[in-house]
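Notes follow the structure.
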Amino acid sequence: MEPWILSERPDAPEEACGVFGVYAPGEQVGRLIYFGLHALQHRGQESAGIAVADGHTMTLRKELGLVPQVFKESDLSTLDGHVGIGHTRYSTTGASSSWENAQPMLSSIGPNTIALAHNGNLVNTVVLRDKLKTHGIRFRSTTDSEVMVTLVNHFTQEHHSIRGGIREAMKLITGAYAVVMMTEEALYAFRDPNGVRPLALGQLPGGHWVVASETCALDIIGATFVRDVEPGELIKISSTGLESEQAVPRGREALCIFEFVYFARPDSSMYDCTLYVARQRMGAAIARSAPVEADLVIGVPDSGTPAATGYAIESGIPFGEGLAKNRYVGRTFIAPSEMLRQQGIKLKLNPMRHALEGKRIIVVDDSIVRGNTTRKLVALLRESGATEVHMRITSPPVKWPCFYGIDTDTQEQLIGAMKSVEEIREHIGADSLAYLSIEDMVASTGQSADRYCMACFDGDYPIDIPDAVRKGKMALEKPAC
Ligand code: SF4
């Protein structure tokens with residue numbers, strides 16, 4: 001669920017970046033990337049950037065804001081070349097919203113330049129920085145993307161090979177990363193050994209290659225999904241075609257299951273499953289496990305809608321629209337006045353009284369992280385005439401912080417870690433509250449549990465978290481099994 005009152009943090013984890021890369025001589029590469037980023041806007045709304053190159057010169061434009069705010073028609077005509085990458089950003093590690101932290105990040109290697117865009121989060125950035133300082137490597141910030149680009153640069157000079165440089169960097173970095181990178185001549189894509197963040201490989205009708213965080217970004221430019229970039233794989237695309245290698249050994253596969261629950265767009269596919277279908281199944285599963293008598297099923301738009309339709313079909317209770325969403329609200333920097341704040345300015349969601357009045361409502365949402373927005377939502381539905389409000393959440397309680405690129409704060413701030421389900425129900429003021437089980441969540445994706453990271457639900461982190469990184473984030477120790 002997204003923020004509906006501007007001044008508050010949202011009640012769901014925040015996305016952390018979309019990446020896009022294309023190698024297409026003869027095509028308008030800047031324009032292809034623009035549309036790709038447009039499709040990935042939901043993964044990050046703080047900044048957007050595009051880098052392109054024509055074999056000799058690299059051009060970069062990045063700025064704070066949404067994709068259409070950052071790029072004008074006149075910018076796109078100057079972003080010309082045969083290869084390019086793009087990025088939409090939501091900040092996690094190291095950092096505030098600033099131009100320097102926007103991506104792609106550039107780094108010079110002798111006479112050449114590389115640009116890199118990253119989705120995910122490294123867990124050993126600080127350790128690496130300290131270790132590498134002793135080898136004379138200097139970093140300007142603590143952002144993990146800068147560490148990555150600096151490492152690739154350093155090892156490329158040492159090995160006299162970009163692929164060698166990436167390979168060496170991949171051996172040292174630990175954490176979640178789905179990366180697109182380019183030189184003036186070639187496009188590179190690589191993914192962490194566990195495959196935590198998604199990265200899809202596609203092909204344009206003319207045969208040119210595209211890489212994107214989600215398949216919806218392939219669809220928008222008419223590209224066809226070919227396969228995923230595999231965990232630990234490094235791909236190079238250049239005038240000699242596509243070359244692939246297993247740069248580092250595969251670890252346990254651990255795609256973030258929250259992509260299925262909430263992050264990815266419903267029209268994207270992962271593991272051969274359209275996310276809309278997976279979310280409908282999640283809604284149907286919770287209708288079976290937590291039935292309740294009611295008059296109307298509504299979803300919290302947009303992410304709760306597919307699951308709400310699944311709930312309605314399974315239960316036989318009619319589905320309806322009870323909340324109108326303003327889809328054009330980005331991360332505005334204009335704060336509402338105190339007067340508007342006190343009125344509970346409804347920037348994103350507005351309840352529809354005619355649909356709610358006198359009815360017992362089932363509200364389907366994807367997750368509850370901190371609980372405050374859900375509490376306000378329940379109050380708003382009651383004020384709008386709902387006689388009963390039953391919350392159904394299509395994921396288990398979020399109990400553990402994410403260290404792999406999703407902003408879920410400290411464990412103390414996670415209501416699922418600090419309160420029982422009954423206490424949460426009381427806190428949000430709902431008549432009933434039920435969560436989907438881990439088993440039903442996994443089954444809804446059509447895959448087995450061993451293909452996923454589910455650490456924020458079960459505390460089982462597929463990539464070890466150094467103590468220095470855990471420190472201050474954990475309020476509780478993981479209970480013994
Ligand atoms: S901890 Fe949760 S949000 Fe983070 S990668 Fe794992 S499943 Fe996704």
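The values are calculated or read from the model by the stated rules, or taken from the named source; none is laboratory data. Since this is a predicted model, take the numbers as computed values, not measurements. All Cβ positions, even for glycine, are placed from backbone atoms using ideal geometry, and neighbour counts span all protein chains on display.
Please count how many residues of the stretch 409-446 are within 25 Å of SER269 (Cβ to Cβ) and either outside the structural domain of SER367 (by TED's automatic domain parsing) or touching a residue at least 40 places away in the same chain (Cβ under 8 Å) (or both). Residues that pass the stated criteria total 10. Based on what the data block shows, is PRO301 more than 16 Å from the ligand (Cβ to nearest atom), in the same structural domain as ASP431 (by TED's automatic domain parsing) and out of contact with any strand residue (DSSP E or B) (no Cβ under 8 Å at 6 or more places or on another chain)? Here the answer is no, as PRO301 does not meet what is asked. Look at the stretch 27-48: where a residue is within 14 Å of ILE220 (Cα to Cα) and a partner is crowded, with 24+ Cβ neighbours inside 10 Å and charged (D, E, K, R), sitting 6+ places away or on another chain with Cβ atoms under 7 Å, you get LEU40/GLU214.
Residue-by-condition table, conditions (1) away from the ligand (no atom under 16 Å from the Cβ); (2) at pLDDT below 90; (3) not assigned by TED's automatic domain parsing to the domain that holds HIS56:
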{"site": "VAL147", "(1), (2), (3)": "yes, yes, no"}
{"site": "HIS159", "(1), (2), (3)": "yes, yes, no"}
{"site": "ILE162", "(1), (2), (3)": "yes, no, no"}
{"site": "ILE166", "(1), (2), (3)": "yes, no, no"}
{"site": "ALA169", "(1), (2), (3)": "yes, no, no"}
{"site": "ALA176", "(1), (2), (3)": "no, no, no"}
{"site": "MET182", "(1), (2), (3)": "yes, no, no"}
{"site": "GLU185", "(1), (2), (3)": "yes, no, no"}
{"site": "ALA189", "(1), (2), (3)": "yes, no, no"}
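Annotation note: of ARG138, ARG191, the sole residue that is surrounded by fewer than 23 Cβ atoms within 10 Å (Cβ to Cβ) and either within 20 Å of ILE114 (Cα to Cα) or more than 17 Å from the chain's Cα centre (by Cα) (or both) is ARG138. A residue that is at pLDDT below 95, away from the ligand (no atom under 15 Å from the Cβ) and not in a strand (DSSP E or B) occurs nowhere in the stretch 425-436.
Just checking, how many residues over the stretch 176-197 are part of a loop (DSSP other than H, G, I, E, B) and touching an Asp or Glu at 6+ places or on another chain (Cβ under 6 Å)?
1
Across the stretch 438-452, the qualifying residues are those that are within 14 Å of SER289 (Cβ to Cβ) and more than 12 Å from the ligand (Cβ to nearest atom), and the one among them that is surrounded by the most Cβ atoms within 10 Å (Cβ to Cβ) is SER444.
Within the stretch 353-407, how many residues are in a loop (DSSP other than H, G, I, E, B), more than 16 Å from VAL421 (Cβ to Cβ) and touching a Leu at 6+ places or on another chain (Cβ under 8 Å)? Don't jump to the end; show me each part of the working.
Taking the stretch 353-407 and keeping what is in a loop (DSSP other than H, G, I, E, B), we get 357-359, 366-371, 384-387, 394-406.
Now restrict to residues that are more than 16 Å from VAL421 (Cβ to Cβ): 357-359, 366, 384-387, 400-406.
Pick out the ones that are also touching a Leu at 6+ places or on another chain (Cβ under 8 Å) and you get 359, 384-386, 400-401.
Residues flagged as in a loop (DSSP other than H, G, I, E, B), more than 16 Å from VAL421 (Cβ to Cβ) and touching a Leu at 6+ places or on another chain (Cβ under 8 Å) within the stretch 353-407 amount to 6.
Among the residues of the stretch 416-437, those identified as within 30 Å of SER213 (Cα to Cα) and crowded, with 22+ Cβ neighbours inside 10 Å are GLY416, TYR435, LEU436. Could you count how many residues in the stretch 250-264 are within 16 Å of the ligand (Cβ to nearest atom) and either surrounded by fewer than 19 Cβ atoms within 10 Å (Cβ to Cβ) or not aromatic (Phe, Trp, Tyr) (or both)? Qualifying residue count for the region: 10. Scanning the stretch 369-398 for residues being at pLDDT 95 or above and within 16 Å of the ligand (Cβ to nearest atom) gives a total of 6.
Condition check: buried (at least 23 other Cβ atoms within 10 Å of the Cβ) and modelled with pLDDT under 95. Does SER268 satisfy that?
On the way: buried (at least 23 other Cβ atoms within 10 Å of the Cβ): yes; modelled with pLDDT under 95: no.
Spelling it out, it is not the case that SER268 is buried (at least 23 other Cβ atoms within 10 Å of the Cβ) and modelled with pLDDT under 95.
Say whether the condition of being within 30 Å of ALA178 (Cβ to Cβ) and touching an Asp or Glu at 6+ places or on another chain (Cβ under 9 Å) is met by at least one residue in the stretch 376-392. No, the conditions are met nowhere in the stretch 376-392.
Evaluation of GLY207 against the conditions (1) within 21 Å of ARG43 (Cα to Cα); (2) free of Cβ contacts under 8 Å to residues at least 12 places away in the same chain shows that the sole unmet condition is (1). For THR274, the conditions (1) within 16 Å of the ligand (Cβ to nearest atom); (2) outside the structural domain of VAL180 (by TED's automatic domain parsing); (3) modelled with pLDDT of 95 or more all hold with the exception of (1). Screening PHE457 against (1) within 13 Å of the ligand (Cβ to nearest atom); (2) in contact with a strand residue (DSSP E or B) (Cβ under 9 Å, 6 or more places away or on another chain); (3) not in a loop (DSSP other than H, G, I, E, B) leaves a single unmet condition, (2).
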